[in-house]
1. Using only the alpha-carbon atoms, what does the stretch B:1-103 span along each of its principal axes? Please give whole angstrom values in decreasing order.
2. Dividing the Cα radius of gyration by the Kirkwood radius, what Rg/Rh value follows for chain B?
3. Among B:K102/B:K172; A:K83/B:K172; A:K81/B:K73; A:K6/B:K15; A:K83/B:K129, which pairs are too far apart, with a Cα-Cα distance over 29 Å?
4. Can you tell me the length gained on complete extension of the stretch A:N54 to A:L93, counting 0.36 nm per residue apart and subtracting the Cα distance?
5. Note the full-extension length gain between B:D180 and B:F120 as 0.36 nm times their separation in residues minus their Cα-Cα distance, in nm to one decimal.
6. Angle check, please: helix B:121-151 long axis (alpha carbons) against the longest principal axis of chain B (alpha carbons), in degrees 0 to 90, nearest 10.
7. Mind giving me the FRET efficiency for B:F30 and B:L98? R0 is 25 Å, r the Cβ-Cβ distance, nearest 0.05 is fine.
8. Starting from the alpha-carbon convex hull of the protein assembly as shown, give the projected area averaged over all orientations, in nm².
Amino acid sequence: MKEIVKKSCLKNHEYRFISKIFSDEIYLVFLDDNYIAISGFCPHYGGPLKINNNNEFHCYWHDWKFDVNNLSCKNYSYKNKLKKYNVIEKGDLLEISL
Amino acid sequence: MIINFKISRTINVSKNVALWNTWDHEHLTFVHQQFGKSTILYEDSNVVFIKTRVQIPYTPFFMNTIHTLTRLKNDNVLVIDSVPFGIITKLKMEYIELGKSKTLLNNYYELHLPFIFYPFKSILIKLIKKWNNVNWLEDLPLKTRRQQALDMGFRDFYGNDPSSKDHLYKVKLPLPRLKDSILNEK
């Protein structure tokens, strides 16, 4: 199963969309020359994860912060990692899969 | 002197999602501009006592208050706040399920005022209505998004899980939180 997204969909290096294929909200960011795709739902209570100025995935509902590299929680004793999707660049398109 | 008034609104989320928002005390500090740091002094499955700081309307100043919530019959909620100058606010929040994803919320305010505040009665009602509206608008995206997340298979403290049955989510009190939650006294 794959989602195909045009690179031009990203505005300010980010794009959030609902994927019927994965039954998830996917949050796609372009950071340090890499595309990263995660589930946009904060695993706490489902708030919106978003890249902040410190390059962390941050949820404003309860101030949960996650490392963009290892996807682990930085400020609370939460052990699980964020759900990540694989991203493959194919020209102007991005192929997103689990 | 006691003043009564009512505020009613409907929202396109389930009763349980509306209740979740009321009992999710962790968001107060981060979502609501009018709240400062909050700490839970006591809670069980029916009641919570929260020490918090709230902004005095139209000023940059914050004041300490005790914010209490009690679960009533039919999961309705009684909120009693004791604020400075002898003012006590009693608010009954009534949740009426209009549909699977539609809830009517009636707020019945009972304002207990020392007589000295009588000339300011209408200003106080206006302030509380404004306060209520600001809180409502700040909470709205949380409730609608949470309903959407649950409908898509979101599971608390886990994340997206298409096999989840949490769309049948039912509030159980107190809401679970991590041991290092900002609400826990350190």
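Each value in this text was obtained by applying a stated rule to the coordinates, not by laboratory testing. Only a predicted model underlies this, so the values are computations on that prediction, with no experimental measurement involved. FYI the Cβ positions are ideal-geometry reconstructions off the backbone, even for glycines, and counts take in every protein chain you see.
1. Principal axes ranked by extent give 41, 32, 28 Å for the Cα atoms.
2. Numbers: Rg = 17.1 Å, Rh = 17.6 Å.
Using Cα coordinates only, the ratio equals 0.97.
3. Numbers: B:K102/B:K172 20 Å; A:K83/B:K172 26 Å; A:K81/B:K73 39 Å; A:K6/B:K15 39 Å; A:K83/B:K129 41 Å.
Flagged as over cut-off: A:K81/B:K73; A:K6/B:K15; A:K83/B:K129.
4. On the way: separation 39, 0.36 × 39 = 14.04 nm, distance 2.75 nm.
Result for the pair: 11.3 nm of gain on full extension.
5. Length gained, B:D180 through B:F120: 17.4 nm.
6. For helix B:121-151, the angle is close to 10 degrees.
7. Working: r = 30 Å, r/R0 = 1.18.
With R0 = 25 Å, the Cβ-Cβ based efficiency is 0.25.
8. Numbers: hull surface 66.5 nm².
Averaged projected hull area, Cα only: 16.6 nm².
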